[in-house]
Amino acid sequence: MGGSALRATVRVPRLPRPDVVTAIPYAYIAALSLAIYLLEPSLLTGPGAFDVLATAVVPLALVAFGQTIAIITRGIDLSVGGVVSTTTAILATHGGTSGPTVVGQVVLVVAIGVLAGVINGLLVAFTPLQPFIVTLATWSIWGGIAFLVLPIEGGAPAPELITWLTGAWLGVPRSVVVVAGLLVAWLWLRSTRFLIDVRAIGSDEARARLVGVPIRMRKIQVYALSGALAAVAGVYLAAQTGSGAPNAGDQFILNSVAAVVIGGASIFGGTGSAAGSIVGAAVLILIPDVVFALRLTSFWSVFLQGFVLVVTVTISSVVITLRMRRRRGAG
Amino acid sequence: MSVLTAYVVVVGLVVAGTLYTPGFSGIGQLRTYAVQASFIGLVGLGQTLCILTGGIDLSVPAVITGSAVMTSILCHGDSARLAPVIVLVVCLAAVAGVVNGIGVAYANVPPIIMTLGMGGVVQGLMLVYTKGGISSFPPPALARFVVGRTLGVPHLLWFWAAIIATGAVLLAVTPFGRRLYAIGANREAALIAGVDVRRMLVAPYVVSAVGAAVTGVLLMGYNGQAYLTMGDPYLFASAAAVAVGGASILGGSGNYVGTVAGALVLTVLSALLIVFSLGAGWLLITYGAVLLTAALLASVRVQRR
């Protein structure tokens with residue numbers, strides 16, 4: 001093989017090689033859209049259909065963006081569930097305010113998200129504990145904090161939050177602007193030093209250390225970003241549902257990991273694209289529509305989202321394992 | 001934390017509780033702690049095996065809830081149906097465990113992602129099956145078994161004692177146990193030494209799923225009902241119990257007797273929280289903090305070696 005990490009640190013990021021794994025999200029999108037189009041076309045072509053879809057995608061796309069980067073480092077962030085729950089709980093219990101106070105609330109919850117992420121990052125960077133154990137523990141802790149803030153589903157966030165985050169700018173739905181913004185952010189981020197380092201850490205941490213990648217600093221940044229994005233997702237979720245729940249965030253754990261896996265990231269670290277994960281998020285958001293179009297009870301969505309994760313991760317794992325074995329054989 | 005330290009912590013916590021409220025260590029209380037710990041302990045056997053081999057099983061909450069819900073609905077209060085329903089539920093759980101195991105062992109999927117996905121699959125099927133609501137009660141035979149005692153000791157504790165003995169012997173002396181340790185310590189070396197690593201790696205997930213299913217059935221009898229979030233605390237609790245028991249989260253060390261101590265620590269801690277009138281939120285925070293602290297202590301110990 002020889003110097004893959006070294007290569008990774010100096011090479012300009014290449015376009016993903018077209019193969020089975022990168023084709024997965026588009027195949028899913030095509031199949032699901034076709035199914036919806038045949039069964040219930042109004043879900044895709046009706047007035048504002050795209051807006052509704054983009055609105056539903058935003059929170060998951062935000063969480064999946066951070067999850068992608070954690071998975072590229074060969075880590076994972078399970079605590080997003082607790083952070084999203086805590087955020088919606090705080091906003092839903094402090095709805096009786098207006099104006100600057102609402103801005104203050106948003107700043108506060110995002111700061112909490114960053115704090116949660118920095119704690120994760122410090123533990124991952126400075127202790128030998130694996131990311132899944134660290135974030136399993138902090139998921140429980142933040143889930144508990146959400147429970148203390150809001151013990152049962154309910155509450156209502158500030159009305160301004162809802163008017164700010166929904167609606168349109170110059171005729172373009174705000175949710176579409178946010179998704180586009182995330183894609184642009186990824187196009188910028190993927191060629192930064194930060195992401196080159198992140199890929200190097202994920203493909204071979206020992207070599208990344210040898211070529212001078214600031215590993216600890218990068219890991220703290222990665223989890224801080226994931227925590228911040230999870231908190232922003234919580235802000236959106238509170239605005240969209242108009243309430244909070246002590247376990248509102250738990251669904252985002254499976255779905256964000258599924259979005260990343262569908263989006264073509266390697267579960268063994270080193271490669272991945274947040275743009276792909278956003279497409280993966282759209283796949284997962286289309287599933288309830290397909291379930292609706294098939295006139296099935298909405299509970300089938302939970303099954304199908306898990307099923308899609310299991311099937312996709314198995315395919316991608318086998319493909320990546322075979323590819324690595326072939327490469328090892330060739331080298 | 002060594003296993004001995006974990007048991008010292010259990011005693012210390014009971015003493016601390018007694019100093020605060022004298023009734024804390026009454027015989028009835030101690031019995032209740034042990035019974036509540038048995039649920040964490042039953043889930044903890046499979047979780048110990050998974051963590052020992054460097055994995056984890058995130059699907060336990062879904063399997064616990066699913067099996068409780070299915071038993072409650074299929075029995076419909078009829079004790080005669082209990083035995084066949086339990087067999088069915090355990091077989092279904094075993095299938096979920098085998099799928100987890102095959103994904104991890106043969107398809108090389110990271111355990112965390114495989115079991116996260118299967119958790120969603122099981123939870124989804126359970127929701128579809130119940131349409132989101134259940135109103136049923138356990139068959140009388142199950143309720144009688146769970147609260148009943150023989151020679152003054154609750155049936156659940158006899159059952160747990162048998163599992164503890166089996167689990168301890170399984171890990172300590174059988175070739176099966178030694179192979180699991182070998183895989184956890186160094187998979188490549190185990191492979192070279194002739195261990196069928198892949199086939200062995202399926203077992204922990206099957207044990208975990210079956211243990212979770214049995215826990216779900218017993219828990220339903222104990223609570224007098226099944227509800228959709230009943231399994232949720234047991235993921236954190238089982239992982240924390242394994243960590244308290246001294247298993248290195250890096251795999252390759254730990255044993256079931258330690259996990260038993262961990263289950264007792266967590267149960268006495270939750271009883272202390274109730275004494276201080278701290279509710280469900282504090283329980284989750286405690287589980288998380290204990291998991292983190294114990295895992296850190298265990299990893300420090302492994303590093304020093």
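If you go through the range B:30-73 and keep only what is farther than 13 Å from residue B:232 by Cβ, polar (S, T, N, Q) and part of a helix (DSSP H, G or I), you end up with B:32, B:36, B:38, B:47, B:48, B:67, B:71, B:72. May I ask you to list pairs of residues, at least six apart or on different chains, whose Cβ atoms are under 8 Å apart, with the first in the range B:54-81 being within 12 Å of chain A (Cβ to nearest Cβ) and under 21 Å from residue B:120 (Cβ atoms) and the second being open to solvent by 20 Å² or more (accessible area, probe 1.4 Å) and assigned to a loop (DSSP other than H, G, I, E, B)? Short answer, once both residue conditions are applied: B:61/B:232. Any idea which of B:49, B:13, B:30 is without any contact (Cβ under 8 Å) to a residue 40 or more places away in the chain and either more than 28 Å from residue B:130 (Cα to Cα) or open to solvent by less than 10 Å² (accessible area, probe 1.4 Å) (or both)? Step by step, each of B:49, B:13, B:30 is checked, and only B:30 is without any contact (Cβ under 8 Å) to a residue 40 or more places away in the chain and either more than 28 Å from residue B:130 (Cα to Cα) or open to solvent by less than 10 Å² (accessible area, probe 1.4 Å) (or both). Given the conditions (1) open to solvent by less than 20 Å² (accessible area, probe 1.4 Å); (2) free of Cβ contacts under 8 Å to residues at least 60 places away in the same chain, report the number of the one that residue A:188 does not fulfil. With respect to (1) open to solvent by less than 20 Å² (accessible area, probe 1.4 Å); (2) free of Cβ contacts under 8 Å to residues at least 60 places away in the same chain, residue A:188 is out only on (1). The listed residues are B:297, B:235, and the only one of them that is within 14 Å of another protein chain (Cβ to nearest Cβ), assigned to a helix (DSSP H, G or I) and at pLDDT below 90 turns out to be B:297. Of all the listed residues (A:70, A:61, A:125), the sole one being within 14 Å of another protein chain (Cβ to nearest Cβ), open to solvent by less than 10 Å² (accessible area, probe 1.4 Å), within 22 Å of the chain's Cα centre (by Cα) and not β-branched (Val, Ile, Thr) is A:70. On the stretch given as the range B:213-234, residues that are polar (S, T, N, Q), open to solvent by 30 Å² or more (accessible area, probe 1.4 Å) and in contact (Cβ under 8 Å) with a residue 12 or more places away in the chain total 2.
Which of the residues spanning the range A:60-73 are in contact with a Pro (Cβ under 9 Å, 6 or more places away or on another chain) and over 22 Å from residue B:59 (Cβ atoms)? A:73, the sole residue that qualifies.
Matching residues to (1) without any contact (Cβ under 8 Å) to a residue 40 or more places away in the chain; (2) under 17 Å from residue B:52 (Cα atoms):
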| residue | (1), (2) |
| --- | --- |
| B:102 | no, no |
| B:110 | yes, yes |
| B:116 | no, no |
| B:129 | no, no |
| B:147 | no, no |
| B:152 | yes, no |
| B:160 | no, no |
| B:165 | yes, no |
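Residues in the range B:152-178 that are among the polar types (S, T, N, Q) and open to solvent by less than 50 Å² (accessible area, probe 1.4 Å): B:174 alone. When B:17, B:23, B:28 are checked against the criterion of being at pLDDT 85 or above and among the small types (Gly, Ala, Ser), B:17 stands alone in meeting it. Any idea which residue in the range A:132-164 is farthest from residue A:252 (Cα to Cα), counting only those that are open to solvent by less than 40 Å² (accessible area, probe 1.4 Å) and more than 9 Å from chain B (Cβ to nearest Cβ)? That would be A:158. Of the helices (runs of 4 or more DSSP H) lying entirely inside the range A:214-331, those containing at least 3 residues that are touching a Phe, Trp or Tyr at 6+ places or on another chain (Cβ under 8 Å), open to solvent by 30 Å² or more (accessible area, probe 1.4 Å) and away from chain B (no Cβ under 13 Å) are A:215-241.
Looking for something touching a residue at least 12 places away in the same chain (Cβ under 8 Å) and touching a strand residue (DSSP E or B) at 6+ places or on another chain (Cβ under 6 Å) - is there at least one such residue anywhere in the range A:95-111? Checked against the condition, which is being touching a residue at least 12 places away in the same chain (Cβ under 8 Å) and touching a strand residue (DSSP E or B) at 6+ places or on another chain (Cβ under 6 Å), the range A:95-111 yields no hits at all.
Looking at residue A:35, is it among the hydrophobic types (A, V, I, L, M, F, W, C) and open to solvent by less than 20 Å² (accessible area, probe 1.4 Å)? No, not satisfied. For the range B:116-138, the count of residues that are away from chain A (no Cβ under 14 Å), open to solvent by less than 50 Å² (accessible area, probe 1.4 Å) and modelled with pLDDT under 90 is nonzero.
Of the residues making up the range A:226-247, just one is at pLDDT below 90 and under 22 Å from residue A:309 (Cα atoms), namely A:247. For residue B:146, indicate whether it is surrounded by 17 or more Cβ atoms within 10 Å (Cβ to Cβ) and more than 9 Å from every other protein chain (Cβ to nearest Cβ). Criteria met by residue B:146.
Only residues that are among the hydrophobic types (A, V, I, L, M, F, W, C), farther than 16 Å from residue B:122 by Cβ and open to solvent by 10 Å² or more (accessible area, probe 1.4 Å) were counted across the range B:198-212, and they come to 4.
Filtered by the rule that a residue be free of Cβ contacts under 8 Å to residues at least 24 places away in the same chain and not in a helix (DSSP H, G or I), the range A:131-167 gives a lone residue, A:167. Taking the criterion of being out of contact with any Ser or Thr (no Cβ under 9 Å at 6 or more places or on another chain), free of Cβ contacts under 8 Å to residues at least 40 places away in the same chain and more than 7 Å from every other protein chain (Cβ to nearest Cβ), the only residue of the range B:280-294 that qualifies is B:293.
The values are calculated or read from the model by the stated rules, or taken from the named source; none is laboratory data. Since we're looking at a predicted model, the values are computed, not measured. With ideal geometry, Cβ positions are generated from the backbone for all residues, glycine too; neighbour counts draw on all protein chains shown. Side chains are part of the model used for accessible areas, which takes the heavy atoms of the whole protein and leaves out ligands, DNA and RNA. Shrake-Rupley method; radii C 1.70, N 1.55, O 1.52, S 1.80 Å.
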